[in-house]
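Novice: Before we start, here is the structure in question, set down as structure tokens.
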Amino acid sequence: MTTVSIIAIIINIIISLTLATGMTPVLVWWERRVAGFIQDRAGPNRCSIGPIRLGGLVQSVADMLKLVFKEDFTPSHIKYKFFFSLAPIILFFCVFLTFGVIPFADNLVYDGQSIMMQALPIQLGVMWFLAYAGLSTYGIILGGYSSGSKFGILSSIRATAQVISYEAAMALAVVSMLLTYGSIHLGDIVAAQGDTLLGFIPSWGVFMQPLAALIFIVTAFAETNRTPFDIAEGESEIVAGYHTEYSAMKFGLFQVGELAAMCAASAIIVTLFFGGYQIPWLDTQTLKDNIDYVMVAIIVIVPLKIFFLTKWMKKNNNWEDSTNIRAKETAILTKVFWTIAIVVVALFAWFLSTGLSANGVAITVAVLQVLTFIIKFLLVALVFIWIRWTLLRFRYDQLQMLGWKVLLPLSLLNIVITATYIVVTGS
């Protein structure tokens with residue numbers, strides 16, 4: 001293994017860590033701010049470090065530090081203390097490992113060597129994801145069982161029934177995608193989505209398999225225990241379910257695991273159905289062939305984005321008194337954002353003037369594709385949050401009926417239609 005390969009793997013692991021766990025404060029902040037927006041209230045916006053509030057993001061950082069330093073209390077009635085402590089760890093690590101096979105960019109060709117842009121350079125693809133997504137439920141089951149509480153036991157039973165109900169439909173939706181793209185490797189699936197249908201529609205999974213996309217997204221909500229499928233944590237019925245007896249960082253690991261599961265679901269949805277790292281109508285080779293035009297577009301777009309962002313901040317986060325905390329924060333952030341814009345513009349202007357080598361073009365395209373993946377990832381995560389604060393929780397019987405009587409038959413029908421089309425057309 002060459003030095004470049006090792007560096008690429010380290011970078012991909014850092015990206016996986018950032019998206020799986022580093023996004024936790026941001027997603028908690030989003031949850032609160034989106035909830036506040038939907039409920040016509042402000043949400044957290046006062047906690048600050050000096051003049052820096054970041055719209056309430058500092059509140060999430062403070063909450064995380066609070067969980068880290070709180071006393072870790074284990075109730076005396078817990079008989080299986082080892083399993084009680086192991087449960088949140090299982091949930092967290094299983095969810096984190098699902099990121100190992102997500103391709104963040106097309107294979108990086110450096111000095112003639114092709115390097116996979118994913119944390120684990122293996123070909124298992126979607127099979128790896130399904131395996132660890134299913135195993136993560138054992139953390140919930142074990143946590144509820146070892147708690148020695150009727151609320152925990154009920155939560156474990158609910159979680160078990162839910163994962164059985166929805167894992168089948170999810171797997172069958174994935175089978176339709178495998179029939180469509182002819183590979184279990186997520187890199188191959190995303191590469192195939194770089195083409196177009198009828199010359200102008202991106203051949204993303206959501207256009208190729210709309211029914212499979214709908215089924216998979218619904219089951220992904222159930223797999224992550226997100227509303228309207230959060231019966232395992234039904235606060236109005238069983239307090240908090242499987243994590244009722246947990247405190248401090250054990251409770252924090254459950255919360256991080258839930259958000260990491262949402263991140264993993266967002267990442268796999270983007271990969272399977274929304275083109276992954278593919279920029280619409282600009283596949284990897286097209287990007288490389290037109291890299292100069294792309295850099296010119298970046299030089300123009302970045303200052304415009306920063307201009308409108310700073311203008312919005314001065315309108316909504318300012319104060320007549322220049323010594324006020326809002327005015328100070330706006331002034332600091334304006335300087336920071338414009339500094340970033342100047343650095344980006346200067347860097348790409350230098351690339352344009354000096355020209356990029358083949359390796360430089362490959363690295364630039366990889367960076368653009370990683371940024372594209374992250375933008376799509378954040379948009380899907382926002383939909384998860386939006387749905388949570390819009391829909392009500394299903395009753396248990398409604399959840400089971402949806403899984404067994406609606407999603408499972410539809411997923412089987414979709415496989416039959418897909419297989420029939422492939423046999424008839426031969427493609």
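The values are calculated or read from the model by the stated rules, or taken from the named source; none is laboratory data. Since we're looking at a predicted model, the values are computed, not measured. Every residue, glycine as well, gets a Cβ built from its backbone with ideal geometry; the counts of neighbours run over all protein chains shown. Each accessible area value is taken on the protein alone, full model and side chains, heavy atoms only, with ligands, DNA and RNA left out. Shrake-Rupley method; radii C 1.70, N 1.55, O 1.52, S 1.80 Å.
Novice: Quickly run through the range 95-135 and pick out the residues that are assigned to a loop (DSSP other than H, G, I, E, B), within 16 Å of the chain's Cα centre (by Cα) and under 24 Å from ALA169 (Cβ atoms). Outline the logic, then answer.
Specialist: So the first thing to find is which residues in the range 95-135 are assigned to a loop (DSSP other than H, G, I, E, B), and the list is 102-107, 111-112, 116-125.
Of the ones still in play, those that are also within 16 Å of the chain's Cα centre (by Cα) are 102-105, 118-119.
Passing the criteria: only ILE102.
Novice: For the range 65-84, which positions are assigned to a helix (DSSP H, G or I), over 27 Å from ARG32 (Cα atoms) and at pLDDT below 80?
Specialist: First pass over the range 65-84, keeping only residues assigned to a helix (DSSP H, G or I): 65-69, 81-84.
Okay, now just the ones that are also over 27 Å from ARG32 (Cα atoms), so 81-84.
Correct list: LYS81, PHE84.
Novice: Any residue that is over 26 Å from the mean Cα position of the chain (by Cα), surrounded by fewer than 20 Cβ atoms within 10 Å (Cβ to Cβ) and part of a helix (DSSP H, G or I) - is there at least one of those in the range 53-64? Please lay out each step first, then the result.
Specialist: If we filter the range 53-64 for residues that are over 26 Å from the mean Cα position of the chain (by Cα), which is where we start, we get none.
No - not one qualifying residue is present in the range 53-64.
Novice: Does THR323 count as part of a helix (DSSP H, G or I) and either farther than 25 Å from ILE279 by Cα or among the β-branched types (Val, Ile, Thr) (or both)?
Specialist: Details: part of a helix (DSSP H, G or I): no; either farther than 25 Å from ILE279 by Cα or among the β-branched types (Val, Ile, Thr) (or both): yes.
Against the criterion (part of a helix (DSSP H, G or I) and either farther than 25 Å from ILE279 by Cα or among the β-branched types (Val, Ile, Thr) (or both)), THR323 does not qualify.
Novice: Moving to a separate point now. Restricting to helices (runs of 4 or more DSSP H) lying wholly in the range 168-253: which have 1 or more residues that are more than 17 Å from ILE269 (Cα to Cα) and not aliphatic (A, V, I, L, M)? First the steps, then the outcome.
Specialist: Numbers: elements: 186-192, 205-208, 210-223, 235-238.
Once the helices (runs of 4 or more DSSP H) in the range 168-253 are filtered for at least 1 residues that are more than 17 Å from ILE269 (Cα to Cα) and not aliphatic (A, V, I, L, M), what remains is 235-238.
Novice: When residues of the range 150-167 are filtered for being more than 27 Å from LEU410 (Cα to Cα) and either open to solvent by less than 50 Å² (accessible area, probe 1.4 Å) or in contact with a Gly (Cβ under 9 Å, 6 or more places away or on another chain) (or both), how many remain? Working first, answer last.
Specialist: Our first condition is that a residue be more than 27 Å from LEU410 (Cα to Cα); within the range 150-167, this holds for 150-156.
Next cut, either open to solvent by less than 50 Å² (accessible area, probe 1.4 Å) or in contact with a Gly (Cβ under 9 Å, 6 or more places away or on another chain) (or both) only: 151-156.
The number of residues fulfilling the criteria is 6.
Novice: Go through the range 122-140 and give me each residue that's more than 24 Å from ALA191 (Cα to Cα) and either surrounded by 22 or more Cβ atoms within 10 Å (Cβ to Cβ) or among the acidic types (Asp, Glu) (or both). Break it down into steps so the answer makes sense when it comes.
Specialist: If we filter the range 122-140 for residues that are more than 24 Å from ALA191 (Cα to Cα), which is where we start, we get 134-140.
Once the filter is applied, which keeps residues that are more than 24 Å from ALA191 (Cα to Cα) and either surrounded by 22 or more Cβ atoms within 10 Å (Cβ to Cβ) or among the acidic types (Asp, Glu) (or both), the range 122-140 yields SER136, THR137, GLY139, ILE140.
Novice: Taking the range 266-292, which residues are open to solvent by 40 Å² or more (accessible area, probe 1.4 Å) and among the aliphatic types (A, V, I, L, M)?
Specialist: Let us first name the residues in the range 266-292 that are open to solvent by 40 Å² or more (accessible area, probe 1.4 Å), namely 274, 279-283, 285-286, 288-290, 292.
Once the filter is applied, which keeps residues that are open to solvent by 40 Å² or more (accessible area, probe 1.4 Å) and among the aliphatic types (A, V, I, L, M), the range 266-292 yields ILE279, LEU282.
Novice: Out of all the residues in the range 332-339, is one or more of a type in the set (Phe, Trp, Tyr), at pLDDT 85 or above and either touching a strand residue (DSSP E or B) at 6+ places or on another chain (Cβ under 7 Å) or open to solvent by 40 Å² or more (accessible area, probe 1.4 Å) (or both)? Full working, then the answer.
Specialist: Restricting attention to the range 332-339, the residues satisfying the condition of being of a type in the set (Phe, Trp, Tyr) are 337-338.
Applying the additional criterion that residues be at pLDDT 85 or above yields 337-338.
This time we only want the ones that are either touching a strand residue (DSSP E or B) at 6+ places or on another chain (Cβ under 7 Å) or open to solvent by 40 Å² or more (accessible area, probe 1.4 Å) (or both), so: 337-338.
Yes: one or more hits.
Novice: When you go through (1) within 29 Å of THR24 (Cα to Cα); (2) open to solvent by less than 10 Å² (accessible area, probe 1.4 Å); (3) part of a helix (DSSP H, G or I) one by one for MET295, which number turns out not to apply?
Specialist: (1)
Novice: Same structure, new question: Given the conditions (1) touching a residue at least 40 places away in the same chain (Cβ under 8 Å); (2) over 20 Å from SER147 (Cα atoms); (3) outside any helix (DSSP H, G or I), report the number of the one that ASP40 does not fulfil.
Specialist: It is condition (1) that ASP40 fails.
Novice: Could you grab me the full set of residues in the range 65-121 that are of a type in the set (Phe, Trp, Tyr), open to solvent by 50 Å² or more (accessible area, probe 1.4 Å), in contact (Cβ under 8 Å) with a residue 12 or more places away in the chain and more than 14 Å from SER146 (Cα to Cα)? Full working, then the answer.
Specialist: As a first pass, look at the range 65-121 and keep what is of a type in the set (Phe, Trp, Tyr): 69, 73, 80, 82-84, 92-93, 96, 99, 104, 110.
Within this subset, residues satisfying the condition of being open to solvent by 50 Å² or more (accessible area, probe 1.4 Å) are 69, 73, 80, 82-83, 93, 110.
Then keep just the ones that are in contact (Cβ under 8 Å) with a residue 12 or more places away in the chain; that gives 73, 80, 83, 110.
Those that are of a type in the set (Phe, Trp, Tyr), open to solvent by 50 Å² or more (accessible area, probe 1.4 Å), in contact (Cβ under 8 Å) with a residue 12 or more places away in the chain and more than 14 Å from SER146 (Cα to Cα): PHE73, TYR110.
Novice: Moving to a separate point now. For the range 215-232, enumerate the residues that are more than 17 Å from the chain's Cα centre (by Cα) and either at pLDDT 80 or above or open to solvent by 10 Å² or more (accessible area, probe 1.4 Å) (or both).
Specialist: Applying the first criterion (more than 17 Å from the chain's Cα centre (by Cα)) to the range 215-232 yields 215, 228-232.
The answer is ILE215, PRO228, PHE229, ASP230.
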